[in-house]
1. Can you pull out every residue in segment 199-236 that is over 14 Å from Ala173 (Cβ atoms), surrounded by 14 or more Cβ atoms within 10 Å (Cβ to Cβ) and touching a residue at least 24 places away in the same chain (Cβ under 8 Å)?
2. With respect to the numbered conditions (1) open to solvent by less than 70 Å² (accessible area, probe 1.4 Å); (2) in contact (Cβ under 8 Å) with a residue 24 or more places away in the chain; (3) in a helix (DSSP H, G or I); (4) over 28 Å from Val48 (Cα atoms), which one is the sole condition not fulfilled by Phe186?
3. State whether the residues of segment 157-164 include one that is modelled with pLDDT under 80 and either in a helix (DSSP H, G or I) or more than 14 Å from Leu182 (Cα to Cα) (or both).
4. When you check Leu239 against the structure, is it touching a residue at least 12 places away in the same chain (Cβ under 8 Å), touching a Phe, Trp or Tyr at 6+ places or on another chain (Cβ under 7 Å) and open to solvent by 10 Å² or more (accessible area, probe 1.4 Å), yes or no?
5. Of the residues that sit in segment 1-35 and are open to solvent by less than 70 Å² (accessible area, probe 1.4 Å) and modelled with pLDDT under 75, which one is nearest to Asp64 (Cα to Cα)?
6. Of everything in segment 199-229, what is among the basic types (Lys, Arg) and in a helix (DSSP H, G or I)? Give them in sequence order.
7. With the structure loaded, tell me whether Ile180 is buried (at least 16 other Cβ atoms within 10 Å of the Cβ) and more than 19 Å from the chain's Cα centre (by Cα) or whether it fails that test.
8. For segment 124-171, give me each residue that is in contact with a helix residue (DSSP H, G or I) (Cβ under 8 Å, 6 or more places away or on another chain), open to solvent by 20 Å² or more (accessible area, probe 1.4 Å) and among the polar types (S, T, N, Q).
Amino acid sequence: MADNTGEKPESKFDLQLPKPSAKDEVESAKILFQEGLLDEAKRLLHRVLISSPSYSRASRLLKDIQKAELDLILNRSQSLSVDRKKLEDPEGILRKLEADLGITIEEQSGAFNPTQENWIHTMELGPRERFDLAVGFFEMGCFRDADRELMEALRQVRLQNSSLDEAGVSIVALRAEALIRLENAFEAKMFLAPILNEPEISHELKLPLYYLAGLAEEILGSRAEAKAWFEKVVEIDPLFRDANFRIRLL
């Protein structure tokens, strides 16, 4: 048997697969997103953004996933909307509402301004119809119109019920999101504050409200308060939107 003289050292075989690149991770996350596996997609994107915070493709895809999760939150409310279909054509939804509810929505001239009311109607609608209308406005970027409908829908719900159920919380969550999109984070914070203190609403049902409260505080520069809200979110659901990632950044 030949001795090992050291002149030809034994080869070391590395069976470990090479670490995927950020581009590969984002492509994998995109496939998972398309398959509806949102949590798995977020894990990959968070991993990419932790190592490469400025990687824009990962940030954009994460925002798309957050939007999809918001749609899921809105669609969970069976008492407001049964078997809601994905809003692929918001303007078509508005036209359908005109036909179904017998209302006429007057479009203002010029481009939409999200900070102003662009659509006007005078019909008396119930909370379900107003919520549907607000979702259409929100998807079109008409956040002030959405805010108007949601305020009235919430007022009607308050008159009907002593406490907010899942339907009412969905209205509150969408209004807070609309206010944040309107860059009114302080108004969103003040709007959410008393609702977050209502003991009749369960801890789990407040989950999207905790997240939005944290988002408002983060925008306002209150890092400690924002982190506390996001930590309440991950206590209930560690994979809710990007709460875990935001905690890492705060």
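The values are calculated or read from the model by the stated rules, or taken from the named source; none is laboratory data. Computed from a predicted structure; not experimentally measured. Positions of Cβ are generated from backbone atoms using ideal geometry, with glycine treated the same way; all protein chains shown enter the neighbour counts. SASA here: full protein model, heavy atoms, side chains in, ligands and nucleic acids out. Shrake-Rupley method; radii C 1.70, N 1.55, O 1.52, S 1.80 Å.
1. Those that are over 14 Å from Ala173 (Cβ atoms), surrounded by 14 or more Cβ atoms within 10 Å (Cβ to Cβ) and touching a residue at least 24 places away in the same chain (Cβ under 8 Å): Glu217, Glu218, Ile219, Leu220, Ala226, Ile236.
2. (1)
3. yes
4. Answer is no for this residue.
5. Taking the candidates together, the pick is Pro20.
6. Arg223, Lys227, listed by residue number.
7. It is false that Ile180 is buried (at least 16 other Cβ atoms within 10 Å of the Cβ) and more than 19 Å from the chain's Cα centre (by Cα).
8. Those that are in contact with a helix residue (DSSP H, G or I) (Cβ under 8 Å, 6 or more places away or on another chain), open to solvent by 20 Å² or more (accessible area, probe 1.4 Å) and among the polar types (S, T, N, Q): Gln156, Gln160, Asn161.
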